[in-house]
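Asks: Here it is: the structure, laid out below.
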Amino acid sequence: RKADIECQMLVIGAGPGGYTAAFRAADLGLDTVLVERYASLGGVCLNVGCIPSKALLHAAVVVDEAAHAKDYGISFGAPKIDLDTLRSYKDKVVGQLTRGLAGMAKQRKVRVAEGRARFVSPHEVEVEGKDGTQLIQFEHCIIAAGSQPVKLPGFPWDDSRIMDSTDALMLADVPKKLLVVGGGIIGLEMATVYRALGSEVTVVELLDQLMPGADKDLVKPLADRLKKQGVAIHLKVKAAEVKAEKKGIKVSFEGDKAPEPMLFDRVLVSVGRVPNGAKLEADKAGVGVTERGYIPVDRQMRTNVPHIFAIGDLIGQPMLAHKATHEGKLAAEVAAGEKKEWVARVIPSVAYTDPEIAWVGVTETEAKQKEMKIGIGKFPWAASGRAIGLGRTEGFTKLIFDEDSHRVIGAGIVGPHAGDLIAELALAIEMGCEAADIGHTIHPHPTLSESVGMAAEVYEGTITDLY
Ligand code: FAD
């Protein structure tokens with residue numbers, strides 16, 4: 001059968017990995033087609049992930065800030081929440097970005113094909129869309145089909161009161177009682193939003209700390225604040241039996257300190273994401289897919305089939321948008337003939353909760369497990385004029401140094417804007433900065449960024465009296 005479309009580069013999936021790859025490939029002169037099963041470009045991140053969640057988290061911070069303002073003599077009264085307007089605000093933010101992407105694709109003459117792609121041979125995919133099936137023939141392909149939420153078995157998923165993150169972002173209503181199953185980044189971000197909107201929130205986490213992956217000390221200020229705000233947090237507890245009843249979702253729990261069975265108006269399941277690698281019939285192209293649905297790649301993002309690349313969530317952890325975009329750019333450049341490979345040392349992680357938690361490079365827990373020789377410089381925000389002015393002294397900045405070279409190898413920050421502050425440390429690690437480089441860099445006063453320089457100075461011993 002003759003192909004309906006021929007191209008030099010085919011990108012499957014228009015998330016942050018896919019659209020970055022497609023735009024870069026087009027900029028490098030490749031005739032590019034971008035296939036996406038949904039009408040809107042942007043993937044999970046723009047449509048049902050990073051962007052809508054941050055728009056709602058902004059609203060949550062405003063609610064809390066307004067409440068806090070009475071401490072300095074300004075009272076606004078209880079918030080009146082118009083859910084329809086909040087939802088349209090979020091949708092407007094998303095729409096602005098996704099329409100922008102469509103414009104950028106057009107500008108570059110990237111052809112967008114709407115539909116679900118599956119491989120039929122090493123150089124062909126079939127795209128099934130609303131206008132029928134199209135056969136696309138390609139020279140190179142970049143698979144960027146992303147991931148989707150884990151659907152825990154045993155939950156009554158056909159009941160709309162059981163939600164995944166996509167459902168929770170729809171903001172159908174503000175449930176009186178919300179259970180969040182899974183205390184990772186996504187679960188805690190949504191707990192932050194719904195708590196601020198007025199839900200009574202319970203979080204259960206199977207492990208012994210919230211946000212597994214981050215150091216325990218970084219998580220504590222967030223856990224303390226959530227508890228103070230009335231969020232019930234149960235660690236080492238499993239949602240065991242979940243039944244949809246007329247009055248609510250009845251959940252019973254397992255674990256040493258498990259709470260009694262409770263009724264909830266809604267349950268958000270946020271226990272991780274699974275890669276979409278197994279749904280593409282990649283075997284027809286000879287591309288290897290692991291049992292769990294990941295597609296293994298080399299340092300150039302090539303799969304075992306040299307003209308087919310894979311990037312983003314479906315090649316492995318961490319499942320983060322900024323990792324996907326870097327991989328997308330690299331894959332496109334390699335496909336266009338550039339001799340490059342993955343060189344990033346670190347990928348920062350951020351929870352946009354309130355306070356934010358951000359970390360990059362080696363964590364203290366990991367360093368201890370591996371018996372690495374490290375030194376730590378920690379600066380408490382209680383000693384930061386800016387943090388005191390903000391009324392947010394619970395934060396701190398922690399830098400981890402290699403004890404022999406004094407090079408920074410890791411960092412963790414908790415407090416407002418931690419996500420912005422961590423970028424400096426990602427750069428410092430990439431550049432192999434030593435403590436003195438960071439300490440001698442003049443940070444503007446009074447900013448939270450000073451805490452980074454100060455933490456390095458604490459490690460160097462050039463400041464000692466913090467209070
Ligand atoms: P995706 O964004 O998943 O895009 C894949 C695209 O491929 C989708 O549009 C899908 O429809 C399409 N597709 C799949 N199969 C096919 C097929 N067969 N044919 C055609 N199209 C197909 N990350 C951050 O870095 N920061 C954050 O703040 C953040 N917040 C998040 C909040 C939430 C609630 C969630 C769920 C995720 C969040 N993430 C965040 C993670 C981030 O969204 C992902 O890491 C990122 O979207 C991955 O990009 P990707 O290009 O690999 O795939």
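Asks: Convert each backbone phi in segment 82-99 into a coupling constant with the Karplus relation 6.51 cos²θ - 1.76 cosθ + 1.60 (shift: θ = phi - 60°), then list the ³J(HN,Hα) values in order as whole Hz, x for Gly and Pro.
Replies: 9, 4, 5, 5, 4, 4, 6, 4, 4, 5, 5, 4, 4, x, 4, 6, 5, 5
Asks: Still on this structure, I have one more. By the gyration tensor of its Cα atoms, with a ≥ b ≥ c the square roots of the eigenvalues, what is the shape of the chain: rounded for a/c under 1.5, prolate for a/b over b/c, or oblate?
Replies: It comes out oblate by the Cα gyration axes.
Asks: Could I ask something else about it? What lysines does LYS398 reach when the alpha-carbon gap must be under 18 Å and sequence neighbours fewer than 8 apart in one chain are set aside?
Replies: Output for LYS398: LYS216, LYS220, LYS368, LYS373, LYS378.
Asks: Let me check I've understood the local charge: for ARG87, count other residues with C-beta under 14 angstrom from its C-beta, Lys and Arg +1, Asp and Glu -1. What total comes out?
Replies: -3
Asks: Separate question: Using alpha carbon centroids, what distance separates segment 332-354 and segment 221-259, in Å?
Replies: That distance is 37 Å.
Asks: So what's the back-of-envelope 222 nm ellipticity for the chain, counting only DSSP H runs of four-plus at -39500 (n - 2.57) apiece and dividing by all residues, rounded to 500?
Replies: Value at 222 nm, helices only, nearest 500: -10000 deg cm²/dmol.
Asks: Hey, which lysines would be in cross-link range of LYS340, C-alpha to C-alpha under 23 Å, not counting anything within fewer than 8 residues on its own chain?
Replies: Correct list for LYS340: LYS323, LYS329.
Asks: Counting Lys +1, Arg +1, Asp -1, Glu -1, what net charge surrounds ALA196 among other residues with beta carbon under 13 Å of its beta carbon?
Replies: Counting the neighbours of ALA196, the net charge comes to -3.
Where a number appears in this text, it was derived from the coordinates with a stated rule and is not lab data. Everything quoted here is computed from the prediction, not taken from an experiment. Virtual Cβ from ideal backbone geometry, glycine too; neighbours counted across all protein chains shown.
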